[in-house]
Amino acid sequence: MNCSFITWYPYCRRSDTIAAALGGHSHLIHYLGFRKPLHAPLKYVLQFFATLRVLRRESPNVVFVAVPPVFAALPVLLFATFSGVKLVVDAHTGIFDHARWRFLLPLTRYVFRKAASVIVTNEYLADVVRGWGGKPVVIGTVRQTGSHRDCSGTIRRGPRPSALRGRTGGSSQLLCGR
């Protein structure tokens with residue numbers, strides 16, 4: 001499996017850890033100031049096209065994207081629509097309850113319905129995603145647990161892929177169909 005993790009933050013250990021555990025690449029795509037709302041319109045346009053460039057270059061089978069901002073999912077959704085790759089959204093709690101993102105809930109619901117999976121951190125948020133027509137997977141805190149060999153035999157740092165198993169309904173499954 002070839003996966004990429006897109007994050008529109010200057011840093012994100014969760015994204016880096018999940019990507020490493022799955023043998024993929026984490027891409028921290030960020031321009032201009034962090035948490036500067038006046039920069040958002042310009043930086044989101046720049047990051048949109050940078051994300052498409054990364055995805056075209058990497059040609060992944062599965063793309064993870066961290067939200068908020070929900071705008072980070074739009075170039076990934078566009079790419080997935082035309083390339084057939086799976087979109088997995090890593091939904092941080094702020095996308096659900098922070099006032100800054102509340103007005104974008106219709107767009108968030110749409111993206112969640114289109115995603116192959118939506119990672120959330122607890123059952124309450126899983127119920128919310130299910131109510132919106134999405135397919136939630138509950139994964140709590142992702143911890144680094146030393147090194148292991150991935151499917152290709154490469155030694156990786158971070159959690160074993162089994163540590164990324166999520167609960168969907170009553171069954172356990174690993175994200176991205178692996």
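The table that follows gives values for the structure above.
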item	result
Of all accessible heavy-atom area on the range 49-123, the percent that carbon and sulfur account for (1.4 Å)	58
Net lengthening on full extension, residue 113/residue 141 (0.36 nm per residue, minus Cα-Cα)	7.7 nm
Dipole axis of the range 19-91 (+1 Lys, Arg; -1 Asp, Glu on Cβ), positive-most option in 29, 61, 83	29
Distance (nanometres) between label positions extended 7 Å along Cα→Cβ at residue 99 and residue 45	2.9
Rg/Rh for the range 33-132, where both radii come from Cα atoms and Rh is the Kirkwood radius	0.96
Net charge dipole size for the range 61-139 [Lys, Arg +1 and Asp, Glu -1 on Cβ; Debye, nearest 20]	240
Reachable lysines, given that their alpha-carbon falls under 23 Å from the alpha-carbon of residue 114 and they are not under 8 places away in the same chain	86, 135
Rounded to whole Hz, the Karplus (6.51, -1.76, 1.60) HN-Hα couplings of the range 17-28, x for glycine and proline	5, 5, 4, 5, 5, 9, x, x, 10, 9, 10, 8
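The values are calculated or read from the model by the stated rules, or taken from the named source; none is laboratory data. Just so it is clear, the structure is predicted and the values come from calculations on it, not from any experiment. Methodologically, a virtual Cβ is constructed for each residue, glycine included, from the backbone with ideal geometry; neighbour enumeration extends over all protein chains shown. Note: accessible area is taken over every heavy atom of the protein model, side chains too, but ligands, DNA and RNA are not part of it. Shrake-Rupley method; radii C 1.70, N 1.55, O 1.52, S 1.80 Å.
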